[in-house]
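Worksheet for the structure shown next.
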Amino acid sequence: MKSPRAITIGVTFIAGLYFILDFIVPPTLPGASIRGVVASTVPASFTAKSGDFPAIPYQLSDQGNMRPQILVAQRDVLGKPKLASTPLRQVGPGSTATIRLGPFEVQRVVGGPTDSVVGADGIWHSLKPGQTWVDSATTFPVTNAKPGMTLYIEQPNAKIDQVDPGSAVLLIGGKRINHRLGAHTVAIKLSRYTAGSEVQLDELKAGDTVQFGPATTFADNRDTAAQFNLVITTMAFGIGILSLGMVHSRQLIKRPKGWYTSIFFFAAIVLGIAAGLGKYEDPGTSSRAFSDFMVMRVIAAVSSAVFSLLAFYMAAAAYRAFRIRNGEAALMMGSALIVMLGQTPFGSYLTSWMGERFSAFWLPNIAAWILRVPNTAMFRGLIFGIMLGAFATALRYWLSMERTTSGE
Amino acid sequence: MLKFLARLDVVPRRTIYIFLLIAAGIPFLVPIRLPMYIWKETRSAFDATQVVQPNKVVAICSNWDPGSQGENWPQYEAIVAQCMVNHTPFIVFSVDSDPVSPQLAETVNEREAKKYGCVYGRDWVNLGLTRGAPLTMGAIGRSVKSVFQHDYRQIPTQNYEKLPLMRRVRDVRDFSCFWVVQYQPDLNWVVFLDPNSRVPILFACAGIGSSGYYPYLSSGQLKGMVVGTRGAAEYEVMLRDKFGKRFDDRELRGQKLVVPLAFGNLVIIVFIIAGNIGTIARRRLEAQAKVFR
């Protein structure tokens, strides 16, 4: 049984290390980065070649919603092939990618059926050799562009030919420096109060503070990490159902006291699956009769009934708990009564007779003050304490010192 | 007299239940409307949703479920009504919630859409449910369509013929504001959705857990908050003041549910005060008994 535990410890450590490094490693390589105020920029550009057709030049700037997207073939979490948008710095000369422009709405077709179209924005779009119109609904090539359609222009399976990462004129220490970007340089727009974010050169304006440097790759893999997290969470649900199924199966076999409640578990699982699998009654609508019945008439009613019982328990608990035993208890009860009454329409009804001049003494305003000032101060202290505890616990989980969670 | 008052110290649980049932039940039988006082955080949330920037959408994370529908349903209804009466397009999705959350949200969306003539795909899109917070929160901020490749009706989100609204929804920069409607909204949204804090984040939460969000309101990380059924009722009042007859509140629940809630709270307050009178009376009786002994 040692090897599963070692695997758990190893995976936990690597996953934790990734997220820690993602937070602490700067987005660009320290020492090889340059920081300054933008005076002007020249956007990145590249050419892409398909077969024997001449190479098509593209510039990475937003020209009427026609910024080129570089799409590289990848596989999703289920292993299905998909095209994922990739920054230019991650594709070098010689890489194969699909270049997509758009989308735009067709206003009218000019010339031949596949030659040129005028977009709804009035911009003239025409195909170059190697490019094709692609339907936005299915991303399949279309032979006839028709008015009203939403289209992309695509150059499929093109070979990236020449790459110019662009340049920027920066003001550093009163000097103007023309900085040419490297093939893998990332541009981080900095701001005084918030974290920096990656931008393209054409998104920068004169006066923006920017940092250029070779990318450290953690941020690029965040989406993969998010998918990994999604898979693990879904697996946990599956394991949960399996575990519950085993427990209830054992109940049915051994038949201890109250064994028949396990039948309800299996019935609920079957009904839940049936409701989830039910086909959409009318394609393109949200109507699913059996699922709607299960959710709105069964689950909603049962959950609401269970939850509404809380109100009665809370009323009885409040009656017993709020007793003036000492000064602190009296203070707590007083503030609880003010907040409770202030949160209901009766609060303003009882005190609004004092008029606008004394509105600070209206019950809702006193309740709001209690929540915004003493409550906020108390919660901030509480959050600091909780976070310190959470940090210590997280460290124990990460290093698998919490033995109950690592399979022991 | 003192003996009678001392009996208030130990009122049987069932008596409290009966009084609470009567107080909360009467407003359902006799329609009553109470005047509403608008709290500052509700007004801020309303104003943030009202500010519509061109080509931007309101994003709503609808994570409420049948258990919390007493408070979250009227809140969600009021927010959707505001978007629809204002013709502000919105997207709605659920993250790590009960699997029935998207269905509950869609029920409200479709009913309100009939009132205001809104069309699915053009005025709103329901993107369904996903899991994996908080990393998914960051991923939604970076690219909505990479997280939600299909909507709740299984239409691809890249299908701009059927979902023209999705053409303008790329990342968090396309949100004019971001709502989380949940019993206890996850504060990770504040950290992970938009690290640059450009989008106003608004919470619609249950009354009982609201006190924990006030530090984030005062720091400005939350731009507004709708608290419980009371907040929903205030929202409806603001909608009526703003839009007059254009706003149709016939089926909305906020102002209807706030009345039994207020009466229920009043009963609890009365019992707390009565219990304390009973305790004082009992102590006096005990002190008198000691003196006579």
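The values are calculated or read from the model by the stated rules, or taken from the named source; none is laboratory data. Owing to the predicted nature of the structure, the values given are computational and were not obtained by experimental measurement. Here Cβ is always computed from backbone atoms with ideal geometry, including for glycine, and neighbour counts include all displayed protein chains.
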Could you please give the count of residues in the stretch A:69-96 that are under 20 Å from A:A55 (Cβ atoms) and without any contact (Cβ under 8 Å) to a residue 24 or more places away in the chain?
1
Would you point out the residue of the stretch B:138-178, among those that are assigned to a helix (DSSP H, G or I), in contact (Cβ under 8 Å) with a residue 40 or more places away in the chain and at the interface with another protein chain (Cβ under 9 Å from one of its Cβ atoms), that is surrounded by the most Cβ atoms within 10 Å (Cβ to Cβ)?
B:G138
For residues that are modelled with pLDDT under 90 and not in a helix (DSSP H, G or I), scanning just the stretch A:327-384, find the one that is farthest from B:S210 (Cα to Cα).
A:G355
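For every residue, the table says whether it meets (1) at pLDDT below 90; (2) among the hydrophobic types (A, V, I, L, M, F, W, C); (3) buried (at least 16 other Cβ atoms within 10 Å of the Cβ).
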{"site": "A:N221", "(1), (2), (3)": "yes, no, no"}
{"site": "A:L230", "(1), (2), (3)": "yes, yes, yes"}
{"site": "A:T234", "(1), (2), (3)": "yes, no, no"}
{"site": "A:S262", "(1), (2), (3)": "no, no, yes"}
Would you kindly identify the helices (runs of 4 or more DSSP H) lying entirely within the stretch B:179-293 that contain at least 1 residues that are among the hydroxyl-bearing types (S, T, Y) and touching a strand residue (DSSP E or B) at 6+ places or on another chain (Cβ under 9 Å)?
B:214-218, B:228-243
If B:L202 satisfies every condition in (1) closer than 26 Å to B:G264 by Cα; (2) of a type in the set (A, V, I, L, M); (3) surrounded by 20 or more Cβ atoms within 10 Å (Cβ to Cβ) but one, which is the exception?
(1)
Criterion (surrounded by fewer than 17 Cβ atoms within 10 Å (Cβ to Cβ) and under 16 Å from A:T28 (Cα atoms)) met by exactly one of A:G182, A:G213:
A:G182
Of the residues in the stretch A:312-326 that are of a type in the set (F, W, Y) and within 8 Å of another protein chain (Cβ to nearest Cβ), the one that is surrounded by the fewest Cβ atoms within 10 Å (Cβ to Cβ) is A:F312
Is there a residue being crowded, with 17+ Cβ neighbours inside 10 Å, at pLDDT 90 or above and either within 25 Å of B:D65 (Cβ to Cβ) or within 11 Å of another protein chain (Cβ to nearest Cβ) (or both) anywhere in the stretch B:243-255?
no
Of all residues making up the stretch B:1-33, the number that are more than 30 Å from B:R250 (Cβ to Cβ) and either surrounded by 13 or more Cβ atoms within 10 Å (Cβ to Cβ) or not polar (S, T, N, Q) (or both):
18
Subset of the stretch B:50-70 [in contact with a strand residue (DSSP E or B) (Cβ under 8 Å, 6 or more places away or on another chain) and within 21 Å of B:L257 (Cβ to Cβ)]
B:I60, B:S62, B:N63, B:W64
Among (1) away from chain A (no Cβ under 14 Å); (2) under 19 Å from B:L239 (Cβ atoms); (3) out of contact with any strand residue (DSSP E or B) (no Cβ under 8 Å at 6 or more places or on another chain), where does B:L29 come up short?
(2)
Residue list for the stretch A:1-53, filter: acidic (D, E) and surrounded by 14 or more Cβ atoms within 10 Å (Cβ to Cβ):
A:D22
